[in-house]
1. Which of the residues that make up region 237-248 are surrounded by fewer than 20 Cβ atoms within 10 Å (Cβ to Cβ) and more than 18 Å from residue 265 (Cβ to Cβ)?
2. Suppose we keep only residues that are farther than 19 Å from residue 261 by Cβ and part of a helix (DSSP H, G or I) within region 28-51. Which one would you say is least open to solvent (accessible area, probe 1.4 Å)?
3. Considering (1) on the phi > 0 side of the Ramachandran plot; (2) modelled with pLDDT under 70, say which one residue 177 fails and leave the rest.
4. In the set 263, 278, 251, which member is closer than 21 Å to residue 22 by Cα, at pLDDT below 85, assigned to a helix (DSSP H, G or I) and open to solvent by 60 Å² or more (accessible area, probe 1.4 Å)?
5. Please work out which residue is surrounded by the fewest Cβ atoms within 10 Å (Cβ to Cβ), limiting yourself to region 1-27 and to residues that are outside any helix (DSSP H, G or I) and among the β-branched types (Val, Ile, Thr).
Amino acid sequence: MEHSKLPMRTWFYTMHLMTSIKQVLSAKEVQHQLHMPEYPPVWLMMMKLRNIMGKRESIYKLSGTVELDEAFFPTRMEADEKAEPMKRGAGSQRQSKVLVIVESKAVDDILRAYLESKDIPTAMDKAAKLTKRSKRQSVKKVVHYIKMFAIDDLKASTIDELLAQNVDAKAIILSDGSSSHVNLDKNFAKHIPIVEKGNVDEVVKKGLPWVHIIIGECRNGIAAIHKEIDGRFLQLYLNEYCWKFNRRFFRDSNDPKYDLFDRLVRISALYTSDVKWRDYTPEIEDEEDL
């Protein structure tokens, strides 16, 4: 917020709007709520907040069992790319590559840990309810925390560097056995490749369920609100999604220390955004107007 020409009240109200709803919020909607005549200052303010959300998430590492996969998000083509022949598949100019890593745990493991932490007589009723509910669920794993990164390529060196920074070396990595994952065995405690052999459910619902759920929900959420976004700013939208997702239970608490607005205000005082006005060029159209 330093050197901003916008009043503090505008910043605080924007933080309130961004943290009061579960879904992604468009800058157009915030502009409407604030009755501001111009779109760019609102866009820049929200991008700065998304940037510091990512800075806050970078201090944490995922641990335990971690699902890993790569995804492709539709993004807007840059002007110089429109003159080039359209590529297909992973190299398409309309697709941006995203690395998705998810900390998850089997329902049975959670249940076992719960029983071991409690007196058996007092825990049996709760355990019976959890077991009954888990039998009805198609996904037998529970998600804890997530991280998502927009990447330039799918090289093993790119994947290895991000994983080293964001995943504990003692973690067990579950992946689809891609050629980009050749170094996971030596970099982490264990690497379990789950290769699809004609049975998609084995991978999607049992082995790597949460990376696929996260990819689908995040991609659909961005598309529904922003339509087609500029690939240069994809990471900022991913930051907001991950920051909110990792604090998804905070809104269920009445404890003031879990208030999301308060958390966002605090990190606004702790971190300095890297997003500058020069990053916003006249060629970028309003995402919501496409």
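The values are calculated or read from the model by the stated rules, or taken from the named source; none is laboratory data. All figures in this text were calculated on a predicted structure; none of them were measured in a lab. Neighbour counts run over all protein chains shown; Cβ positions are idealised from the backbone, glycine included. These accessible areas exclude ligands, DNA and RNA; they are computed on the full protein's heavy atoms, side chains included. Shrake-Rupley method; radii C 1.70, N 1.55, O 1.52, S 1.80 Å.
1. Matches in region 237-248: 245, 248.
2. First, the residues of region 28-51 that are farther than 19 Å from residue 261 by Cβ: 28, 31-32, 35-41, 43-44.
From what is left, the residues that are part of a helix (DSSP H, G or I) are 28, 31-32, 40-41, 43-44.
Numbers: 28: 64, 31: 25, 32: 119, 40: 34, 41: 37, 43: 4, 44: 25 Å².
That would be 43.
3. (2)
4. Numbers: 263 fails: at pLDDT below 85; 278 fails: closer than 21 Å to residue 22 by Cα.
The conditions single out 251.
5. Narrowing region 1-27 to residues outside any helix (DSSP H, G or I): 1-7, 21-26.
From what's left, among the β-branched types (Val, Ile, Thr): 21, 24.
Working: 21: 11, 24: 17.
So, considering only residues that are outside any helix (DSSP H, G or I) and among the β-branched types (Val, Ile, Thr), the one surrounded by the fewest Cβ atoms within 10 Å (Cβ to Cβ) is 21.
Yes or no, residue by residue, for (1) in a helix (DSSP H, G or I); (2) modelled with pLDDT of 90 or more; (3) open to solvent by 70 Å² or more (accessible area, probe 1.4 Å):
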| residue | (1), (2), (3) |
| --- | --- |
| 147 | no, yes, no |
| 150 | no, yes, no |
| 164 | yes, yes, no |
| 186 | yes, yes, yes |
